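The values are calculated or read from the model by the stated rules, or taken from the named source; none is laboratory data. Since this is a predicted model, take the numbers as computed values, not measurements. Here Cβ is always computed from backbone atoms with ideal geometry, including for glycine, and neighbour counts include all displayed protein chains.
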Amino acid sequence: MTMFSRAGSITPRESVSLLPAYSAGKPPQPADGLTPYKLSSNENPLGPVPAVTQALAEIDTLHRYPNPTAEGLRTGLAGLLEVPVEDIVAGTGSLGALTQIINAFAGSNSDGSQDEVIYAWRSFEAYPIVVRTAGARDVTVPVMADGRHDLEAMLAAITERTKVILLCTPNNPTGPALSHSEVEDFLAKAPSDVVVVLDEAYQEFVRSDDRLDALSLYRTHPNVVVLRTFSKAHGLAALRVGYSIASQQITQHLRVVAAPFGVSTLAEAAALASLEHLDQVHERVDSLVAERGRVSAALHQAGWTIPESQGNFVWLPLGERSQDFAAQAGVQALAVRAFAGEGVRVTIGEVEANDRFIELCRTYRFRD
Ligand SMILES: *Cc1c(COP(=O)(O)O)cnc(C)c1O
């Protein structure tokens, strides 16, 4: 029996119906005689260190729930980074850790107002989804022509409703990293009750002068959250494990909203095994950084102007030609990530994949 008339279809919350769908990097399409390569998701082509595979094989507790807060991993990280265990909160990827931060600090309020979250754009595609799903309002500040955050404009965008600011360094997809002095200066000017997240998904790849020391800023600023992941440098994207580091003024609230058992037993063991072999992880990262240097130099030589990349990817600001470039890469069995009308992000991959990408850039002509 119907008590009152209904719309007749199942509809989600208004904020959800307006969300952009996350568009994941596509797999490459095979082409005659060419090994296909996926350069569309900033994955580590070298994979995890061998000890990870061994640690996974030894797990005999698949019928048990994992530790609810990934305590073993947090303890390992605490020792390594010299921070209290209580200052670390693990998550299902750093995306899970970021979701905790937004859910804890930004949303909509009982008076109908919406909290604001400021971030640069274009930046990580997941930001609008996480922010809007929480019921908060996203305030985007365009990156500058060289792909860098416009920190002055981001400071100017702060209002009474601003609860969180996301700084993505290096910025995905444009590539540049923020310097330590830039972030220090930003924190000095931002209100101390605004949570400032330093998304360091690619921090292991940074080789710039005045490199950001995010942990030192977390030690002096109770409003700073450092966000890190095992998906990129450690090559563990499939296992979904990341974490945040912040003062207990912040982490006490993250623990409340964190999904229990968010980090699986496998993810925790793999992350710990990788941390125990950091020298091997760094060797792999070094070789990808060398490849990034080789690709960047070859592109410059071929006449391309691209932003300085400090991540494991490069950004081609192709504007209206972006989809055409991606299509031509596809013919060469290379999957790349096109953002229509803006540019193309290409992950630094296997040497052969990078060679093929360089060759494509050397010979590329726009086909109308
Ligand atoms: C890849 C990425 C992440 C996180 O990925 P997880 O796999 O969820 O850890 C976070 N931020 C940025 C900017 C990224 O590019």
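Number of residues in the range 240-252 that are over 11 Å from residue 101 (Cβ atoms), more than 9 Å from the ligand (Cβ to nearest atom) and either assigned to a loop (DSSP other than H, G, I, E, B) or aliphatic (A, V, I, L, M) (or both): the value is 2. Just need a number here: residues in the range 57-93 that are touching a Phe, Trp or Tyr at 6+ places or on another chain (Cβ under 9 Å) and at positive phi. Of the residues in the range 57-93, 2 are touching a Phe, Trp or Tyr at 6+ places or on another chain (Cβ under 9 Å) and at positive phi. When 185, 199 are checked against the criterion of being surrounded by fewer than 17 Cβ atoms within 10 Å (Cβ to Cβ), at pLDDT 95 or above and either within 12 Å of the ligand (Cβ to nearest atom) or over 26 Å from residue 262 (Cβ atoms) (or both), 185 stands alone in meeting it.
Of everything in the range 68-99 that is away from the ligand (no atom under 13 Å from the Cβ) and in a loop (DSSP other than H, G, I, E, B), the residue that is surrounded by the most Cβ atoms within 10 Å (Cβ to Cβ) is 70. Against the criterion of being within 14 Å of the ligand (Cβ to nearest atom), part of a loop (DSSP other than H, G, I, E, B), at pLDDT 95 or above and crowded, with 20+ Cβ neighbours inside 10 Å, residue 123 qualifies.
Against the condition modelled with pLDDT of 95 or more and surrounded by fewer than 24 Cβ atoms within 10 Å (Cβ to Cβ), how does residue 234 come out, does it pass? Against the criterion (modelled with pLDDT of 95 or more and surrounded by fewer than 24 Cβ atoms within 10 Å (Cβ to Cβ)), residue 234 does not qualify.
Yes or no, residue by residue, for (1) within 16 Å of the ligand (Cβ to nearest atom); (2) of a type outside the set (Phe, Trp, Tyr):
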residue: 116; (1), (2): no, yes
residue: 119; (1), (2): yes, no
residue: 140; (1), (2): yes, yes
residue: 148; (1), (2): yes, yes
residue: 157; (1), (2): no, yes
residue: 160; (1), (2): no, yes
residue: 175; (1), (2): yes, yes
residue: 180; (1), (2): no, yes
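The one condition from (1) crowded, with 23+ Cβ neighbours inside 10 Å; (2) farther than 23 Å from residue 24 by Cα that residue 228 does not meet is (2).
If you go through the range 258-291 and keep only what is outside any helix (DSSP H, G or I) and of a type in the set (Gly, Ala, Ser), you end up with 258, 259, 262, 264.
Of the residues 255, 321, 345, 294, which is in contact (Cβ under 8 Å) with a residue 24 or more places away in the chain, away from the ligand (no atom under 16 Å from the Cβ) and either assigned to a strand (DSSP E or B) or out of contact with any helix residue (DSSP H, G or I) (no Cβ under 9 Å at 6 or more places or on another chain) (or both)? None of the other options fit; the residue is 321.
Is it fair to say residue 216 is out of contact with any helix residue (DSSP H, G or I) (no Cβ under 7 Å at 6 or more places or on another chain), free of Cβ contacts under 8 Å to residues at least 40 places away in the same chain and not in a loop (DSSP other than H, G, I, E, B)? It is true that residue 216 is out of contact with any helix residue (DSSP H, G or I) (no Cβ under 7 Å at 6 or more places or on another chain), free of Cβ contacts under 8 Å to residues at least 40 places away in the same chain and not in a loop (DSSP other than H, G, I, E, B).
Can you spot a residue in the range 185-200 that is closer than 20 Å to residue 254 by Cβ, out of contact with any strand residue (DSSP E or B) (no Cβ under 9 Å at 6 or more places or on another chain), among the hydrophobic types (A, V, I, L, M, F, W, C) and touching a residue at least 40 places away in the same chain (Cβ under 8 Å)? No - not one qualifying residue is present in the range 185-200. When residues in the range 139-161 are screened for being surrounded by fewer than 20 Cβ atoms within 10 Å (Cβ to Cβ) and part of a strand (DSSP E or B), 3 of them pass.
Restricting the range 300-315 to residues that are over 23 Å from residue 233 (Cβ atoms) and either in contact (Cβ under 8 Å) with a residue 40 or more places away in the chain or within 16 Å of the ligand (Cβ to nearest atom) (or both), the residue that is farthest from the chain's Cα centre (by Cα) is 302.
Here residue 232 passes the criteria (1) over 30 Å from residue 189 (Cα atoms); (2) part of a helix (DSSP H, G or I); (3) in contact with a helix residue (DSSP H, G or I) (Cβ under 8 Å, 6 or more places away or on another chain) except the one numbered (2). Residues that are modelled with pLDDT of 95 or more and within 16 Å of the ligand (Cβ to nearest atom) do not occur anywhere in the range 21-34.
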